[in-house]
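One structure is given here, and the rest of the page talks about it.
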């Protein structure tokens, strides 16, 4: 298959790319400029050269996007987040001469907004807020590809756990014994092992019954306190010292809601697809990740 991948050097993209290359696909990576980190088998394209691609792609996998949790949400940062997701997706659509046969785009459980006490399935109405607005606009940009000839799949990701990413940033505080519950720890922690993210994307590539939006989170529903206890145990550290909500609000402002107000997300549509998670238990997932270091 001919596959275009944005975000190829990112946390998910690096791992996905390895499996795509094993599958003997022709992979094109969308880059700002030539990136020496990419395998020589990958053909690198910029937005400018994408216009010159005179063939129809089988798959476009859309992983690009600035890290939503790396900086406070100033107005400037919000604009950067919007441009790296929504504007880029729109620009790719405009640059392609032919619509891909399948588009697989990421979104996030932030789509559902700030709601600690509600349960969200794929068709549950969301709450308002910046995270929702950003994800909704990103999904709209991906869905704009949808025609009779183009299948669109959108995955709303939870916290992706692997050797790097969010867990990589948490590891040092946990090793120092500073990995206690955040804001009481009663908020829901929607997570997914990186291997299951790659597996779900590969299923969406090969199985045409994957259409529309899917919550890509593990079926095990846990609170943040449970995650903190599990990760601390894996690292043989205590999980006692709490991080108060007021401190996070002071440091991160509006973005603190990502850490303090997690919603309960259910992967209902994946379960109906009979998708088999490799890691449905947080303890097993974290042990596996730590063993790979």
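Observations, loosely collected:
- Stokes-Einstein D (µm²/s) once Rh is taken as the Kirkwood radius of segment 131-191 over alpha-carbon pairs, at 37 °C in 0.692 mPa s: 221
- Inter-centroid distance (Cα atoms) of segment 83-108 relative to segment 215-285, Å: 29
- Extension gain, residue 292 back to residue 78 (0.36 nm per residue minus Cα-Cα distance, nm): 73.6 nm
- Degrees, to the nearest 10: 130-143 long Cα axis against longest axis of the chain: 20
- Summary of the geometry: segment 1-66 and segment 114-192, compared by the centres of their Cα atoms, lie 24 Å apart.
- Global form of segment 246-293, assessed from the alpha-carbon gyration tensor, a/c cut-off 1.5: oblate
- For segment 1-56, the average shadow cast by the Cα convex hull is 3.7 nm², which is a quarter of the hull's surface.
- A simple spin-label model places the labels of residue 186 and residue 251 2.2 nm from each other, with each point 7 Å out along Cα-to-Cβ.
- Segment 142-293: C-alpha gyration tensor shape, a/c 1.5 cut-off, then a/b vs b/c: prolate
- For the peptides 178-184, 143-149, residues were scored by their other Cβ atoms within 10 Å and the scores averaged per peptide; the highest-first order is 178-184, 143-149.
- Ranked by the mean number of other Cβ atoms within 10 Å of their residues, highest first, the peptides 231-237, 39-45 come out as 231-237, 39-45.
- Given their separation in residues at 0.36 nm each and the Cα-Cα distance between them, residue 118 and residue 283 gain 56.9 nm when the chain is fully extended.
- Two-decimal Rg/Rh across segment 98-211, once Rg and the Kirkwood Rh are taken from alpha-carbon atoms: 1.03
- Each DSSP beta bridge with both residues in the chain is either parallel or antiparallel, and the antiparallel ones are about 15%.
No value in this document is a laboratory result; all are computed from the given coordinates. Model, not experiment: these values are computed from the prediction. Please note: Cβ atoms are built from the backbone with ideal geometry, for glycine as well, and neighbour counts cover all protein chains shown.
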